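Here is the structure we will look at.
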Amino acid sequence: MIPKTPPFPVGLPCTEIGPVAVNPAVALAPMAGFTGHPFRVLAREFGCGLLFSEMIHARALLCGGNAVFF
């Protein structure tokens, strides 16, 4: 009797970015205003392998948060 193999790979895929292993190979893209710490904690609990913090404008970083955008 031939054992049946599943039509999909067993386990979640893993990828490597340089020396860093991302397991599972699921990434959350940075979204300004939405990817705060509580959201990233939830995403990690639901199985996201790679998380990013919120994006910041370079001028705000240089001016200490008191930037005026033209």
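When the Karplus curve 6.51 cos²θ - 1.76 cosθ + 1.60 is applied with θ = phi - 60°, which whole-Hz ³J(HN,Hα) does each residue of the range 13-29 get, with x for Gly and Pro?
Each residue of the range 13-29 in turn: x, 10, 10, 10, 10, x, x, 9, 8, 9, 9, x, 7, 10, 10, 9, 6 Hz.
Within the set of other residues whose C-beta is less than 12 Å from the C-beta of His37, count the net charge using Lys and Arg as +1 and Asp and Glu as -1. Don't skip to the end; give the middle numbers.
Working: positive: Arg40, Arg44; negative: Glu54.
The answer is +1.
Once you order the gyration tensor axes a ≥ b ≥ c over the Cα atoms, which shape class does the range 15-62 get: rounded for a/c under 1.5, otherwise prolate or oblate by comparing a/b with b/c? Kindly include the intermediate steps, with their values, before the conclusion.
On the way: a/c = 3.37, a/b = 1.50, b/c = 2.25.
Oblate.
Each reported figure results from applying straightforward, stated rules to the coordinates on display, with no laboratory input. If you're wondering where the values come from, they're calculated on a predicted model, not measured in any experiment. FYI the Cβ positions are ideal-geometry reconstructions off the backbone, even for glycines, and counts take in every protein chain you see.
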